[in-house]
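The values are calculated or read from the model by the stated rules, or taken from the named source; none is laboratory data. Note that the structure is predicted; figures quoted are calculated from it, not measured. Note that we place each Cβ from the backbone using ideal geometry, even for glycine, and neighbour counts take in every protein chain shown. Note: accessible area is taken over every heavy atom of the protein model, side chains too, but ligands, DNA and RNA are not part of it. Shrake-Rupley method; radii C 1.70, N 1.55, O 1.52, S 1.80 Å.
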Amino acid sequence: MKQEIAAFLDYLARTRGSSQNTVAAYHNDLTQLADFVTSEQEKGILASREQLLLAYLAHLKGKGYSPATSARKVASARSFFNYLVETGQLKENPIRNLVSPPVNKKAPRVLTQAEYLQLLAVPQSLSTPEARRDVVMLEVLYATGLRASEVVSLQLADVDLDHAILYCRQGKAHRQIPLTSEVTQLIRDYIANGRLDLLYYEKETALFLNRRGHQLTRQGFWQIVKNYAIKAGLGDQVTPHTLRHSFAVRKMQGGADLRSVQQALGHAYISSTRVYRQPLSTVK
């Protein structure tokens, strides 16, 4: 099964253009499934694939996973077996009739405009090169809805200031992200001034640099946002994804249709975007 899983993960990354985080989540879920199936088969108990998968669902419940986590793992398995059917390796999906654990989806937590300005005011009050960089990163994230990994992966070549466009090149499904004139000017000023204060290696092409002159990491960006949120009195639950949610909710409230928001966010399935139709939940 592990060879088939490896091929499926490659398909997600190369053909579907799934993000690194999505592929990693599938890898973890499907590796757990493969290990369980192997363990059960080694016990010498004859069982059909369907019986093994039902046992796997019971195994997840016994592990104490939340319904949301169990549902995600079942969805990962279902997508994997659908891929095997589509590629002719299986005649039918063995869990096509398996009911996932019921999950009450909550509306995403977002920042109001006032809360975002409260967050932004923290780095704006500082004069360090890192703080000036962070103002630009927050403004880019809030204005575009990019994932944190997509923001930190931006290269100088991904920015077309003359046409006010960012090119998101993660995965195979590249996106063109329009920028407002205000954000365009912020990036222009940052490249001409703030970025140079962090630049140690002339060959470095990353747009956003850490204090050592290298590309900022996703984990580093998450911690930066959380620290600012705490200092702003917004608590410790604000992350870059909160700003991504805030972008999507603002777009929907501004009259954007679901399909355009899906494209802006880079969602593979429109079902992932429908959550933004729900009433918003603020971070407090």
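Once the Cβ-Cβ distance of ARG188 and ASP35 is raised to the sixth power relative to R0 = 30 Å, the FRET efficiency obtained is 0.05.
Under 5 Å between amide hydrogens, built in the peptide plane, is the criterion, and for LEU209 it picks out LEU216 among residues at least 5 positions away or on other chains. Pairs of lysine residues in the chain that meet both criteria, 8 or more places apart or on different chains and Cα atoms under 21 Å apart, total 16. Close amide H contacts of VAL110 (hydrogens built in the peptide plane, cut-off under 5 Å, sequence separation of 5 or more or a different chain): SER281, THR282, VAL283.
Nonpolar atom fraction for the chain, defined as the carbon and sulfur part of the 1.4 Å probe accessible area, stands at 51 percent. Can you tally the net charge around VAL135? Count Lys and Arg as +1, Asp and Glu as -1, for every other residue whose Cβ sits under 13 Å from the Cβ of VAL135. Around VAL135, the charge tally is -2. The gain in end-to-end length when the GLN113 to ARG96 segment is fully stretched comes to 1.8 nm, 0.36 nm per residue minus the alpha carbon separation. Which residues make up the longest stretch of the chain that has no chymotrypsin sites (Phe, Trp or Tyr not before Pro) in a DSSP loop with at most 13 other Cβ atoms within 10 Å? In the chain, the maximal stretch lacking such sites is 1-199. Once you reduce the range 217-274 and the range 20-87 to the center of their Cα atoms, the two points are 29 Å from each other. Subtracting the Cα-Cα distance of HIS27 and LYS203 from their residue separation scaled by 0.36 nm leaves 60.0 nm.
Computed from backbone phi, the HN-Hα couplings of the range 60-73 come to 4, 4, x, 6, x, 5, 5, x, 5, 5, 4, 5, 5, 5 Hz, rounded to whole numbers (Karplus: 6.51 cos²θ - 1.76 cosθ + 1.60, θ = phi - 60°; Gly and Pro given as x).
The phi torsions of the range 122-135, fed into the Karplus equation with coefficients 6.51, -1.76 and 1.60 and a -60° offset, translate into couplings of 5, x, 5, 7, 10, 10, 6, x, 5, 5, 5, 4, 5, 4 Hz, rounded to whole numbers, with Gly and Pro shown as x. Accessible surface for the chain, divided over its residues, is 53 Å² per residue with a 1.4 Å probe. Accessible area ranking (1.4 Å probe, heavy atoms, ligands and nucleic acids excluded), largest first, for ARG188, ARG259, ARG212: ARG212, ARG259, ARG188.
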